[in-house]
Amino acid sequence: MNTTTSPATESGTQTDQAAPPQRPSVLDQAGGPAGVVYSALPALAFVVAHNFTGITGSVLAALGFAVAIGVWRLARKESVQPAIGGVFGVAVAAGVVWFTGSAKDYFLIGIWASLAGAVLLLASVLVRWPLAGVLWNAATGKGQIWRADRRSRLYYDIATLTLTAVFGARFAVQQYFYATDQVNELGAAKILMGFPLLAAALLVVAWAARCSNKRLKEIGLLPAKHA
């Protein structure tokens, strides 16, 4: 009996085996390019409404946009996880505004979250556990072997300090506008210094990971099949 597998079958099998599942990128987890745009709309709605209505109208506009985005994504059978997170964030910010009676407090949580992020990232570098390396290698299943190599730690130090600069800049700029009661400028800063700036910093993280993997392969700390 001839049991020879046809080339087409072998080709199909090899193709199937050569297509491992891919991890979703940060952009994918944010809902893709549309998700990034959607995430900016509630803040934009709040700022625009603030110029024409009082605090209640501004808050309702932001909440309305957040909920509408969630419904729209649900109707299109897209992931609603980013939208749910957005609604929750807007609701918390709205609660702060209603409690304080000040429109600029819509941005207060984000401002102090940026400071906390910058401090945490900087502290991780000072204690020799740069978070960019810790989180990236944990997410990709490589563990913490990279810490055994001084040059790899340097790569991730650079990446973590880049993220520190992003979060620190967000805090400095937005805190200035907050202190000077410039609500429109606060909204613009939140949008422009949001995901676009973070995406640029994540390119540095990807560079650090690539350089570290290459280095670990060269010195034998990382097997080729895991690089």
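The values are calculated or read from the model by the stated rules, or taken from the named source; none is laboratory data. Computed from a predicted structure; not experimentally measured. Methodologically, a virtual Cβ is constructed for each residue, glycine included, from the backbone with ideal geometry; neighbour enumeration extends over all protein chains shown. Accessible surface is based on the protein model in full, side chains and every heavy atom, while ligands, DNA and RNA are left aside. Shrake-Rupley method; radii C 1.70, N 1.55, O 1.52, S 1.80 Å.
For the range 37-172, what is the accessible area per residue in Å², given a 1.4 Å probe and the full set of protein chains?
Counting only protein heavy atoms, the per-residue value for the range 37-172 is 52 Å².
Counting only residues at least eight positions apart within a chain, or on another chain, the lysines with an alpha carbon under 26 Å from that of Lys142 are Lys214, Lys217, Lys225.
What lysines sit close enough to Lys104 to cross-link, taking a C-alpha to C-alpha distance under 25 Å and skipping anything fewer than 8 places away on the same chain? Cross-link targets: Lys190.
Using the Karplus relation 6.51 cos²θ - 1.76 cosθ + 1.60 with θ = phi - 60°, the per-residue 3J(HN,Hα) values for the range 102-118 come to 10, 4, 5, 6, 4, 9, 5, 4, x, 4, 6, 5, 5, 5, 4, x, 4 Hz, with x marking Gly and Pro. A viscosity of 0.692 mPa s and a temperature of 37 °C, combined with the Kirkwood radius over C-alpha pairs in the Stokes-Einstein formula, give the range 72-128 a diffusion coefficient of 240 µm²/s. Considering only Leu120, Leu163, Leu131, and ranking their Cα positions along the charge dipole of the range 109-164 that arises from unit charges at the beta-carbon of Lys, Arg, Asp and Glu, the one farthest toward the positive end is Leu131.
Average 1/r across all pairs of distinct alpha carbons in the range 129-205, invert it, and you get the Kirkwood radius: 13.9 Å. For the range 56-127, with all protein chains in place and a probe radius of 1.4 Å, 78% of the accessible heavy-atom surface sits on carbon or sulfur.
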